[in-house]
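Each remark here refers to the structure printed beneath this line.
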Amino acid sequence: MGTGPTTTIRIDPQVKKAANAVFGEIGISMSTAVNAFLKAVVRENGMPFEMKVEPSKVKMKANTFTKNAALNHAYAMKKDEFYTQYEDIAKEMKCYGDAFKGKHILCNCDDPFESAFFRYFVEHFDELGLKKLSSTCYSNSSLSGSEYPLEGGSSAYKAEVTRIPEDFLERPDGSLDLESLFSVQGNTLQRLDGDGDFRSPECVSLLEKADIVITNPPFSLFREFIRLLEDHRKKFIILGNINASTCKEIFPLFRDDKVWYGDTIRSGDRKFYVPDDYPLRAANCGVDSNGRRFIRVKGVRWFTNIDNGRRHEALRLTHNFDPSLYPQYENYNAIDVSKTINIPADYDGYMGVPITFLDKYCPEQFEIVMLANGNARTNVDGDMLTCVGYVHHPEDRGGVGIVNGKRVYARVIIRRRNS
């Protein structure tokens, strides 16, 4: 059965934490307190009663939680609940033209009311020509239902949008007018039976109905997430760490032209909002002017299987092959190219290039053969190893390229395609 959200209220995180401490002593929830306040306003035709506890008791409770429970909880839980910046989403989505027209977009792993993905596609629903937008949240998320709780308490839920109200959806404080959005016939806010885990049968059923998945999955579950998308042959645009590209589940997708990087976020780090209990212990963490906690994560990239023009741009090659500049590996029939920009234009054999080559890869220009890293002997087919002339070297630690008796960094072995 569907239900509706409460009145949209944005609350300063510090005020909310202090208020929750008071309500906890009284024995009521934030939602109950707000409803009690509004009913009293109507009854009294003005500002109503006060609800108090002993200040010292509340202060002790809040301090105890802040210094002990929250800190311990932060270390006990894997911290991967990151909320993507709206600007980063907007820049990437503009690169796909009319790819979303008439499509059902699923933003799973995203609280509909905290996710910038949901907000972006609501605000651009008609402009993009969407057929439907769905978003789900995980019940164990620390933000689930915290700002816009459903009647009956917090749990996993889904939001589905098929039409946008004619009136502008943004309130003066910048939040979305969710009551207007979900008052439109065909738009629903509904509890999930399970916990909202993207692997649950309930959420997989939602996945099967969607055309394109666009989200920021937990980085710790990225490989499992993308494998699920591949199993169900879904189009996707998702955020992940660049290190995932070298995993045995992900690299073959790059090799077989089934996944590639998006058009934006090519270098540096990215800012993500995090829950209030996230420990800010590094120099790249902080609190913004709106009181929201954030961290910066290095090596973040968009992963997609939806075409964009950039990946078909051939790499401009300005170097020629010189044996003195391009040493041969001792354990592969390939030359070592230390920088992507130094790939020789006149060499047709196997070449080992840095992992960053994947950012410049043009499938019409090069063929990706394999990944020469510490897992090459176990992850690469034996026939392929024979093809590239691999011979075991006592120092290669499973397949890393050896030059002059020393290991080089992991390399992508490539060769030019015939014109």
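Here are a few things to note about the model shown:
- Condition check for R293 on (1) of a type in the set (K, R); (2) in contact with a helix residue (DSSP H, G or I) (Cβ under 7 Å, 6 or more places away or on another chain); (3) crowded, with 18+ Cβ neighbours inside 10 Å: one failure, at (2).
- Against the criterion of being hydroxyl-bearing (S, T, Y) and either buried (at least 20 other Cβ atoms within 10 Å of the Cβ) or touching a helix residue (DSSP H, G or I) at 6+ places or on another chain (Cβ under 7 Å) (or both), Y332 qualifies.
- Residue within segment 277-292 that is assigned to a strand (DSSP E or B) and at pLDDT below 85 present: no
- Total residues in segment 248-276, condition part of a loop (DSSP other than H, G, I, E, B) and over 18 Å from the mean Cα position of the chain (by Cα): 5
- Failed item in (1) modelled with pLDDT of 95 or more; (2) surrounded by 14 or more Cβ atoms within 10 Å (Cβ to Cβ), with D256 passing the rest: (2)
- Residues in segment 365-419 that are of a type in the set (K, R) and either more than 16 Å from D256 (Cα to Cα) or modelled with pLDDT under 95 (or both): R377, R397, K406, R407, R411, R417.
- Top-ranked residue of segment 118-140 - restricted to ones that are of a type outside the set (G, A, S) and part of a loop (DSSP other than H, G, I, E, B), ranked as surrounded by the fewest Cβ atoms within 10 Å (Cβ to Cβ): N140
- R266 falls short on exactly one of the conditions (1) within 15 Å of Y83 (Cα to Cα); (2) open to solvent by 50 Å² or more (accessible area, probe 1.4 Å); (3) in contact (Cβ under 8 Å) with a residue 60 or more places away in the chain, and that condition is (1).
- Flag if C285 is open to solvent by 20 Å² or more (accessible area, probe 1.4 Å) and farther than 26 Å from F118 by Cα: no
- Single match in L181, L189, L143, L207 (criterion: modelled with pLDDT of 95 or more and either assigned to a helix (DSSP H, G or I) or not acidic (D, E) (or both)): L207
- Total residues in segment 316-329, condition open to solvent by 80 Å² or more (accessible area, probe 1.4 Å), of a type outside the set (G, A, S), out of contact with any Pro (no Cβ under 8 Å at 6 or more places or on another chain) and part of a loop (DSSP other than H, G, I, E, B): 4
- Subset of segment 93-117 (residues that are outside any loop (DSSP other than H, G, I, E, B), crowded, with 24+ Cβ neighbours inside 10 Å and of a type in the set (F, W, Y)): F117
- When residues in segment 343-364 are screened for being more than 30 Å from the chain's Cα centre (by Cα), closer than 26 Å to D263 by Cα and part of a loop (DSSP other than H, G, I, E, B), 2 of them pass.
- Breaking point among (1) at pLDDT 90 or above; (2) closer than 29 Å to G97 by Cα, for D197: (2)
- Restricting segment 298-312 to residues that are surrounded by fewer than 15 Cβ atoms within 10 Å (Cβ to Cβ) and not small (G, A, S), the residue that is farthest from I89 (Cα to Cα): H312
- One residue stands out in segment 227-247 among those that are within 11 Å of the chain's Cα centre (by Cα) and among the β-branched types (V, I, T): the one that is surrounded by the most Cβ atoms within 10 Å (Cβ to Cβ), namely I237.
- Unmet requirement for I250, which otherwise passes all of (1) open to solvent by less than 10 Å² (accessible area, probe 1.4 Å); (2) touching a Leu at 6+ places or on another chain (Cβ under 8 Å); (3) not aromatic (F, W, Y): (2)
The values are calculated or read from the model by the stated rules, or taken from the named source; none is laboratory data. Computed from a predicted model, the values in this text were never measured in an experiment. FYI the Cβ positions are ideal-geometry reconstructions off the backbone, even for glycines, and counts take in every protein chain you see. Just the protein is used for accessible areas: all its heavy atoms, side chains included, with ligands, DNA and RNA removed. Shrake-Rupley method; radii C 1.70, N 1.55, O 1.52, S 1.80 Å.
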